[in-house]
1. State yes or no: is Asn51 in contact (Cβ under 8 Å) with a residue 12 or more places away in the chain, part of a helix (DSSP H, G or I) and not aliphatic (A, V, I, L, M)?
2. Name every residue in region 23-48 that is in a loop (DSSP other than H, G, I, E, B), open to solvent by less than 40 Å² (accessible area, probe 1.4 Å) and closer than 18 Å to Pro69 by Cα, in order of residue number.
3. When residues of region 1-14 are filtered for being assigned to a loop (DSSP other than H, G, I, E, B) and open to solvent by less than 90 Å² (accessible area, probe 1.4 Å), how many remain?
4. Residue check, Gly60 against (1) under 13 Å from the mean Cα position of the chain (by Cα); (2) surrounded by 12 or more Cβ atoms within 10 Å (Cβ to Cβ); (3) modelled with pLDDT under 95, all met but one. Which one?
Amino acid sequence: MIHLLHFNELARQKGIRHFLSTRPGGVSTGTYCSLNLGLKSGDTKENVAANCSLLAKELGLDAKDLFFPD
């Protein structure tokens with residue numbers, strides 16, 4: 001299960017959808033377990049892509065619509 005955190009102040013703002021993810025709920029293992037979303041972390045691209053897909057599904061979005069800053 002993916003756990004998402006939200007800030008009340010941002011939640012009150014129109015047009016802003018935000019979240020912070022926690023580690024549980026993904027496919028990555030070892031140092032990167034479990035919901036690693038960073039391509040520059042050293043985790044495999046396949047694991048990061050699978051984690052992004054899981055997160056998108058949780059949010060009701062398509063993975064291509066997610067944006068993660070470097």
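1. Considered against the rule, which asks whether it is in contact (Cβ under 8 Å) with a residue 12 or more places away in the chain, part of a helix (DSSP H, G or I) and not aliphatic (A, V, I, L, M), Asn51 comes out as yes.
2. Once the filter is applied, which keeps residues that are in a loop (DSSP other than H, G, I, E, B), open to solvent by less than 40 Å² (accessible area, probe 1.4 Å) and closer than 18 Å to Pro69 by Cα, region 23-48 yields Leu35, Asn36, Leu37, Gly38, Asp43.
3. 3
4. (2)
The values are calculated or read from the model by the stated rules, or taken from the named source; none is laboratory data. Keep in mind the model is a prediction, meaning the values are calculated, not measured. Glycine also receives a Cβ, built like all others from the backbone with ideal geometry; neighbour counts cover every protein chain displayed. These accessible areas exclude ligands, DNA and RNA; they are computed on the full protein's heavy atoms, side chains included. Shrake-Rupley method; radii C 1.70, N 1.55, O 1.52, S 1.80 Å.
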